[in-house]
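*Asks:* Quick one: the structure is below, and I'll ask about it shortly.
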Amino acid sequence: MTLRHRVPRPTLPPVRVRGDLGDLVSMLAGRRWVALTGAGVSTDSGIPDYRGPSAPRSTPMMYDEFVSDEANRRRYWARSMLGWQSFGRAVPNSGHHALVGAAGLTGVVTQNVDGLHEAAGSAPVVDLHGRIDRVVCLSCRTYSPRADLQHRLQILNPDVDGYLPAGAAELDSARLRPDGDAEVDHWQDFRIAPCEACGGVLKPDVVFFGESARREVVDQAYELVDAVDALVVLGSSLTVMSGLRFVRHAARRGAPVAIVNRGPTRGDDLATVRLDAGTSETLLALREATR
């Protein structure tokens with residue numbers, strides 16, 4: 001486990017608890033900061049979120065459900081095969097691009113699994129919940145590209161269009177999910193592909209609900225947060241502890257926290273600046289204001 005050392009920071013002027021762009025600009029002036037991003041950052045790329053005002057109703061598969069029952073894995077991979085046809089084509093939006101090179105930004109910690117921050121050019125990026133474009137074998141821990149598995153699934157299931165009335169799930173549809181799969185009507189006969197190295201069970205390299213993020217990844221995120229003067233939460237309701245813990249950690253060490261999200265979050269009481277707004281428009285405005 002990596003030990004986290006608090007880096008001494010120079011004394012900075014206090015910030016007021018307010019909720020407009022000017023206060024966000026003032027809070028970040030002269031400060032180094034880290035962005036903690038959630039699904040709201042990717043909605044403008046056509047990827048739905050779980051809890052936003054327009055989020056489709058969905059019941060994500062739990063980790064224990066996936067590992068304990070082959071029928072559940074068959075259902076998951078049937079959904080994932082369809083969802084990937086659209087999810088895999090998503091591209092970074094203006095908010096992703098606005099973060100790249102933002103004044104004072106030193107890194108991104110993301111709860112998203114879509115890889116769009118890296119695709120836009122952000123670095124470093126800590127993928128707290130993994131990456132949907134990778135697959136891992138639960139037996140031998142071999143990693144492989146999700147695109148390769150997609151090809152294998154298509155060969156095993158040539159009648160895939162029959163699983164969904166309109167064929168591939170479309171971005172922004174109520175059937176596409178934020179973790180890269182889609183609702184399907186018929187999955188009982190779907191054939192799943194085993195690990196090519198050992199024949200074991202394949203799982204997307206993402207953190208399922210009920211599963212914990214890897215310790216070394218969490219430590220990387222803490223190191224980024226500990227090395228800066230402020231934390232900015234973008235597009236996350238902070239419902240799960242995996243994101244909220246960094247807000248609480250920053251607040252405990254006296255670092256100001258800004259939250260930009262449509263709707264309430266679990267970290268609102270800890271926010272120095274709180275904007276009820278979209279992330280893309282806010283990041284574009286922040287970039288213009290700090291040029």
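*Asks:* With the condition kept exactly as written, say whether any residue in segment 82-93 is surrounded by 20 or more Cβ atoms within 10 Å (Cβ to Cβ), more than 25 Å from F209 (Cβ to Cβ) and in contact (Cβ under 8 Å) with a residue 24 or more places away in the chain.
*Replies:* Yes, segment 82-93 has at least one match.
*Asks:* Specify which of the listed residues (R16, R75, R79, R51) is among the basic types (K, R), modelled with pLDDT under 95, touching a strand residue (DSSP E or B) at 6+ places or on another chain (Cβ under 6 Å) and not assigned by TED's automatic domain parsing to the domain that holds Q220.
*Replies:* R79
*Asks:* Ok, one more. Listed residues V218, V273, V240; which is more than 30 Å from L149 (Cα to Cα) and β-branched (V, I, T)?
*Replies:* Checking each option against the conditions leaves just V273.
*Asks:* For a quick check of your reading of the model, give me the residue pairs whose first member lies in segment 128-140 and is of a type outside the set (A, V, I, L, M), whose second is in a strand (DSSP E or B) and buried (at least 18 other Cβ atoms within 10 Å of the Cβ), with beta-carbon atoms closer than 6 Å and at least 6 apart or on different chains.
*Replies:* These pairs meet every condition: H129/V206; G130/D205; G130/V206; R131/D205; R134/D205; C137/L202.
*Asks:* Among the residues of segment 228-259, which ones are in contact with a strand residue (DSSP E or B) (Cβ under 7 Å, 6 or more places away or on another chain) and either surrounded by fewer than 20 Cβ atoms within 10 Å (Cβ to Cβ) or at positive phi (or both)?
*Replies:* G235, A251
*Asks:* Could you check segment 95-105 and list, in sequence order, the residues that are surrounded by 16 or more Cβ atoms within 10 Å (Cβ to Cβ) and not hydrophobic (A, V, I, L, M, F, W, C)?
*Replies:* Once the filter is applied, which keeps residues that are surrounded by 16 or more Cβ atoms within 10 Å (Cβ to Cβ) and not hydrophobic (A, V, I, L, M, F, W, C), segment 95-105 yields G95, H96, H97, G104.
*Asks:* Related question: Say whether the condition of being surrounded by 13 or more Cβ atoms within 10 Å (Cβ to Cβ), within 25 Å of L99 (Cα to Cα) and either modelled with pLDDT under 95 or not assigned by TED's automatic domain parsing to the domain that holds V232 (or both) is met by at least one residue in segment 146-162.
*Replies:* no
*Asks:* Given R191, R141, which one is charged (D, E, K, R), modelled with pLDDT of 95 or more and surrounded by fewer than 20 Cβ atoms within 10 Å (Cβ to Cβ)?
*Replies:* R141
*Asks:* Residues in segment 260-270: is at least one basic (K, R), buried (at least 16 other Cβ atoms within 10 Å of the Cβ), in the same structural domain as G38 (by TED's automatic domain parsing) and not in a loop (DSSP other than H, G, I, E, B)?
*Replies:* no
*Asks:* With respect to T279, is the statement that it is closer than 26 Å to P92 by Cβ and either buried (at least 20 other Cβ atoms within 10 Å of the Cβ) or not hydroxyl-bearing (S, T, Y) (or both) true?
*Replies:* Answer is yes for this residue.
*Asks:* Going by what's in this entry, would F66 be described as of a type in the set (F, W, Y), modelled with pLDDT under 80 and closer than 26 Å to T239 by Cα?
*Replies:* no
*Asks:* Restricting the search to segment 197-251, which residues are of a type outside the set (S, T, N, Q), within 21 Å of V25 (Cα to Cα) and part of a loop (DSSP other than H, G, I, E, B)?
*Replies:* Correct list: A227, V228, D229, G235.
*Asks:* If a residue must be in contact with a Lys or Arg (Cβ under 7 Å, 6 or more places away or on another chain) and crowded, with 20+ Cβ neighbours inside 10 Å, how many such residues does segment 55-81 contain?
*Replies:* 1
The values are calculated or read from the model by the stated rules, or taken from the named source; none is laboratory data. Everything numeric here is computed off the predicted structure, so don't read it as measured data. Methodologically, a virtual Cβ is constructed for each residue, glycine included, from the backbone with ideal geometry; neighbour enumeration extends over all protein chains shown.
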